[in-house]
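Okay, structure first, notes after.
The values are calculated or read from the model by the stated rules, or taken from the named source; none is laboratory data. The shown structure was predicted, so the numbers you read here are calculated from the model rather than taken from an experiment. When we count neighbours, we look across all protein chains shown, and the Cβ atoms used for this are built from the backbone with ideal geometry, even at glycine.
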Amino acid sequence: MRRFFKVLAVMVGIIVIAEILETALMLWAFKSRNPRVTEWLTWYHKHVTNPVWVRFFAGRSANSALLHHVGRKSGKTFVTPLTAHKSEDTIIVPLPYGTETDWLRNLQAAGQGVIELDNRRYTANEPDVVSVDDVMPLLSPMVARIVQLHETEKALRLHVTGPAEQLPAYEMDTA
């Protein structure tokens, strides 16, 4: 039994150190705007961290959402984990990677998607990219701090129209 707890402690320590390193790398990537680091970070999130978020956390914890959207080329339904905040009939999504991400272009092409936030599903439409300064007063303190740390310049404003229908099966697309 002692050995189990030692192994568990080592695993938790490795995860904590990995998260600290990832956070430091993210801050450096967003502040330096180094394209090589940002490209590597995008790959890492798409293939390592985002699948974990989709399966276990996103949509169930505060400010962590899942966006279901249709591919503009493939027509397939995809899911992307996001940081988001709901304020009345609006959902705000910071865009630390900018406006050229696949999920954002898919959402803009479709004009709508389904977002899971705080254990609820909403139909979200009217995607509008705005300056983060325009929506900063609507953000929760935690999301506002993340936006400031990443020096995010743009945000996505979505209009919420009510509960979403049943979701179709999806594929992972977290770019």
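Before moving on, here are some points about what is shown:
- Hey, VAL160 touching a strand residue (DSSP E or B) at 6+ places or on another chain (Cβ under 7 Å), surrounded by 18 or more Cβ atoms within 10 Å (Cβ to Cβ), of a type in the set (Val, Ile, Thr) and not in a strand (DSSP E or B) or not: no
- Of the residues screened, ASN106 is not one that is modelled with pLDDT under 90 and either under 16 Å from the mean Cα position of the chain (by Cα) or exposed (fewer than 14 other Cβ atoms within 10 Å of the Cβ) (or both).
- Residue ID - nearest to the chain's Cα centre (by Cα), chosen from residues in the stretch 109-124 that are assigned to a strand (DSSP E or B) and not aliphatic (A, V, I, L, M): GLU116
- Top-ranked residue of the stretch 141-175 - restricted to ones that are among the charged types (D, E, K, R) and touching an Asp or Glu at 6+ places or on another chain (Cβ under 7 Å), ranked as modelled with the lowest pLDDT: ASP173
- If the condition is being over 18 Å from PHE78 (Cβ atoms) and touching a residue at least 12 places away in the same chain (Cβ under 8 Å), then the stretch 100-135 contributes ASP118, ASN119, ARG120, GLU126, ASP128, VAL129, VAL130, SER131, VAL132, ASP134, VAL135.
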